[in-house]
Amino acid sequence: MESLIDDMLPEMIFGDRRRNKSTALSLMLVVATVTVTDQATKWFILTEVMNPPRIIPITPFFNLVLTFNKGVSFGMFQDFFAPRPGFLALIGLAIVAVLVAWALRAQSKYERLGLAMISGGALGNIIDRWRQGAVTDFLDFYWQDLHWPTFNAADIFIFAGTAVLFTTAVVPGLKISEH
């Protein structure tokens, strides 16, 4: 059992080429920065800007408006998840654990960056679900009467991280490992 913990488990998590501590630290720093940034923006919106809640027009196509998402992306499955926010938070934590393990095994710094941004954004939304039972959203883009689903800073980081990850998959040279 001791050899499993000492030898096999780190190899399963980190891969054949074990990452040095600075790589893991950089990864965790990005995750933490994204999570803190998301939580700070939500705190500011909840305590300063939307106290009391209202619609604040910013441009002809953008408002600040306070909403709470009890479902998954775009509010899907709200009927199922609204009474089970802890369950959805636990699913999210499991997904973040897989993403962080993937990032630790990644050989490209861009792939690690994308995965860290996704993980940090997901953690920001998980904290909301755990703390208040729903994700705080406040960015409302629209055209005439057509509104994109309201979102937050975590969602921006998740989108940007996904774009970075997709780019590393399709652009030659970005997936090359750095030594």
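Readers should treat all values here as calculations from the given coordinates under stated rules, not as data from a laboratory. Keep in mind it's a predicted model, so treat the numbers as computed, not measured. Glycine also receives a Cβ, built like all others from the backbone with ideal geometry; neighbour counts cover every protein chain displayed.
Using a Förster distance of 35 angstrom, determine the FRET efficiency expected from the C-beta separation of VAL49 and VAL170, and round it to 0.05.
0.35
Long-range amide H contacts for LEU66: which residues qualify at under 5 Å (H placed 1.01 Å from N, peptide plane, sequence gap of 5 or more or a different chain)?
Counting only residues 5 or more places away or on other chains, the set is ARG54.
Using the C-alpha gyration tensor of the range 107-159, what are the square roots of 5 times its eigenvalues, in whole angstrom, with the largest one first?
25, 17, 5
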